Amino acid sequence: MRLTAEEFRNWPHKSITLLGMSGVGKTVLSSLLRQHDWFHYSGDYRIGTRYLDEPILDNIKRQAMQVPFLRDLLRSDSISISNKITFHHLKPVSSFLGKVGNPELGGLPKDEFIRRQRLHHEAEVNAMLDVPEFIEKARTIYGYSHFVNDAGGSVCELDNEQVLETLDKHTLILYLKATEADEAELIRRARSHPKPLYYREAFLESHLQQYMEEKAIPYVALIDPDDFVQWCFPLLFKSRIPRYEAIAEQYGYTVTTDELRQIKSLDDFLQLVETAIARR
C-alpha cells in the first residue's frame, strides 16, 4: 500500500506489515505498538496454533511414545499433551521444523525434513492470507483501532504473489533492514546458537550438496545438524536481502535497524514511517 505521509497520518485504522530477518526487532516493535491500541498479529504464532498445531503435537507424542512410562499413560488416556505457544515462546514450532542430519545428533532424515519444510511453507502462506480477516476481527471484535502484522523471517522465501498482493492491498509494508553491524551480529548469534530454519527447497538442495562436497560427507545421515545450520545461515541471510529489498521496492518502504533503535514511543514510530514514506 502506497500512501503519502499526510494520508498515513490521517489513516484512521492503520495496518502495517513488518518484514525482516528474525532478530531485527519486529516482535519488540510490535509489543510496543500493542501497548498503544494496536492489535499484534504474529505470523509464527498463527502458524503454530492454527496450521501446524496437529503436526507439532504428533511430533511431541512420537517422542513421548518412546518412553514406556509415558506411552502407557498416553495409550490409556491418563494424560494429554498440549502446546503452550506464545508470541515470545515459539519453540514448539522450531522443534517441529527441526534440522537435517544425523539422527543420533537430533537430526532428521532428508525426506522427513523436506516434508516438514513443505508443511511450514503452506502454513506460512495461509497465515499471511489470514491477515485481512484478522484486521477486521481486531477492530470489530476486539476493539483495536490499529493492526500490526509481525511477519516471520521467511516470508520473503514464499515465492507467492497472492501473499504479497494481499499484504499490499490491506497493509503498509515496512521492511526492517539490518545494518552491516547488525547483520554481523545476527550471523554471530546464529552461529553460536544454531536454530531450526526454513529454506526454499531449491536453496536447500543446492546448499546441502555444496556442504556435503566441501566437508566430504557421503550421506545426509552423517551431517552434524548444528554444523550445517552454522555453515548455511550466512548464505541464507545474504540470499534473503535482495528478496526483501525487491518486496520493499515494489510494495513498501524501508527503515534501518539503526533508525529502529531510536524509537522510544508510538510517536517516534509514526514519525519514522512518515520519514520512510517521504524517502520514496
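Show me the helices (runs of 4 or more DSSP H) found entirely inside the stretch 68-140 where at least 3 residues are exposed (fewer than 15 other Cβ atoms within 10 Å of the Cβ).
Numbers: elements: 68-75, 91-97, 110-129, 131-140.
Per the criteria, 68-75, 110-129, 131-140.
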Legend entry - Residue match in the stretch 191-207 (condition: buried (at least 21 other Cβ atoms within 10 Å of the Cβ) and either in contact with a strand residue (DSSP E or B) (Cβ under 7 Å, 6 or more places away or on another chain) or more than 26 Å from Leu129 (Cβ to Cβ) (or both)): no
Inset, instruction - Test Ile56 against the criterion of being within 20 Å of Glu122 (Cα to Cα), surrounded by 14 or more Cβ atoms within 10 Å (Cβ to Cβ) and over 16 Å from the mean Cα position of the chain (by Cα), and give yes or no. - result: yes
Legend entry - Selection from the stretch 12-31 of residues that are farther than 14 Å from Tyr144 by Cα and assigned to a loop (DSSP other than H, G, I, E, B): Gly20, Met21, Ser22, Gly23, Val24, Gly25
Inset, instruction - Could you tell me which residue of the stretch 177-225 is nearest to Val93 (Cα to Cα), considering only residues that are aromatic (Phe, Trp, Tyr) and either part of a loop (DSSP other than H, G, I, E, B) or in contact with a Phe, Trp or Tyr (Cβ under 9 Å, 6 or more places away or on another chain) (or both)? - result: Tyr198
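Could you tell me which residue of the stretch 33-84 is farthest from Arg118 (Cα to Cα), considering only residues that are of a type in the set (A, V, I, L, M) and in contact with a Pro (Cβ under 8 Å, 6 or more places away or on another chain)?
Taking the stretch 33-84 first, the residues of a type in the set (A, V, I, L, M) are 33, 47, 52, 56-57, 60, 64-65, 67, 70, 73-74, 79, 81.
Within this subset, residues satisfying the condition of being in contact with a Pro (Cβ under 8 Å, 6 or more places away or on another chain) are 56, 60.
Values: Ile56: 14, Ile60: 19 Å.
Looking at residues that are of a type in the set (A, V, I, L, M) and in contact with a Pro (Cβ under 8 Å, 6 or more places away or on another chain), I get Ile60.
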Legend entry - Residue ID - surrounded by the fewest Cβ atoms within 10 Å (Cβ to Cβ), chosen from residues in the stretch 32-43 that are outside any loop (DSSP other than H, G, I, E, B) and touching a helix residue (DSSP H, G or I) at 6+ places or on another chain (Cβ under 6 Å): His40
Inset, instruction - Could you list, in sequence order, all residues of the stretch 141-150 that are surrounded by fewer than 18 Cβ atoms within 10 Å (Cβ to Cβ) and in contact (Cβ under 8 Å) with a residue 40 or more places away in the chain? - result: Tyr142, Ser145
Inset, instruction - Collect the residues in the stretch 1-34 that are over 20 Å from Glu249 (Cα atoms), out of contact with any Gly (no Cβ under 9 Å at 6 or more places or on another chain) and touching a residue at least 12 places away in the same chain (Cβ under 8 Å), keeping them in residue-number order. - result: Arg9, Pro12, His13, Lys14, Gly25, Thr27, Leu29, Ser30, Ser31, Leu32, Leu33, Arg34
Inset, instruction - For Leu260, state whether it is crowded, with 18+ Cβ neighbours inside 10 Å, farther than 16 Å from Lys26 by Cα and of a type outside the set (Phe, Trp, Tyr). - result: no
Legend entry - Among (1) surrounded by 19 or more Cβ atoms within 10 Å (Cβ to Cβ); (2) out of contact with any strand residue (DSSP E or B) (no Cβ under 8 Å at 6 or more places or on another chain) - the single one Val24 does not satisfy: (2)
Inset, instruction - Return yes or no: is Phe8 modelled with pLDDT of 95 or more and part of a strand (DSSP E or B)? - result: no
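The values are calculated or read from the model by the stated rules, or taken from the named source; none is laboratory data. Treat the numbers as computed from the prediction; the structure is a model and nothing was measured. When we count neighbours, we look across all protein chains shown, and the Cβ atoms used for this are built from the backbone with ideal geometry, even at glycine.
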